[in-house]
1. Which of the aspartates and glutamates could be linked to Lys25 by a straight reach, that is with a Cα gap under 17 Å, when you skip same-chain ones fewer than 8 residues away?
2. Residue separation times 0.36 nm, minus the C-alpha to C-alpha distance between Thr108 and Thr86: what's the value?
3. Can you tell me the Rg and Dmax of the stretch 24-152, counting just the alpha carbons, in angstroms?
4. Calculate the dipole size of the stretch 24-152 relative to its Cα centre from +1 charges on Lys and Arg beta carbons and -1 charges on Asp and Glu beta carbons; express the result in debye to the nearest 20.
5. Around Ser78, which amide H atoms from residues at least 5 apart in sequence, or from another chain, sit under 5 Å from its own amide H, with H modelled in the peptide plane?
6. Sort Tyr120, Tyr88 by Cβ crowding within 10 Å, fewest neighbours at the top.
Amino acid sequence: MKLSKLMFCAFSAVAIASSAFAEVKVSDVTAKGKEATLDAGVTRSGVFTVKDFPEELKGLKCISVPRGSHSKAGGTFSFKISAPATVYLFVDVRGEKKTKLEGWEKTTLKAIWVANKRDYPDAIYKKDFEAGTVEIPANTAAMIPCLAVIKSK
């Protein structure tokens, strides 16, 4: 009897821990966005790639969208998440002050992306979301779209 109670408690603890750290599934990505795993060389937007970023974000899911017209704002996009998550937003610092980032918290984290063998910095913001739709704001004119990085809560 004691052994069965012990096994029940152990299985219950594993089940609770597994559900608490369940992988967030991403779906319904708009604006021709693509899901990838964050690592050096992954697409930042179009032909631009991520060069350097905080180690704590390595291996997380990320969503990038194509650049589109260089004369228009780097587009807005959205996607759905299956569980609560913190979304990190890589924002091209050249347009950071004009990008509508209400509700997003600026972090001390930084990233670098590459275009034509030249490095460009990103500021990194974050925001917590419940399961459901995540709306990513447009970056300002002549700037590339933001990159979203998703971390399970």
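1. Partners found: Glu35, Asp128, Glu130, Glu135.
2. That works out to 6.4 nm of additional length.
3. 13.1, 38
4. 400
5. Thr30, Ile136
6. Listing Tyr120, Tyr88 from fewest to most nearby Cβ atoms yields Tyr120, Tyr88.
Any read-out appearing in this document is the output of simple, stated calculations on the displayed coordinates, not a laboratory observation. Keep in mind the model is a prediction, meaning the values are calculated, not measured. Backbone-built Cβ (ideal geometry, glycine too); neighbour counts: all protein chains shown.
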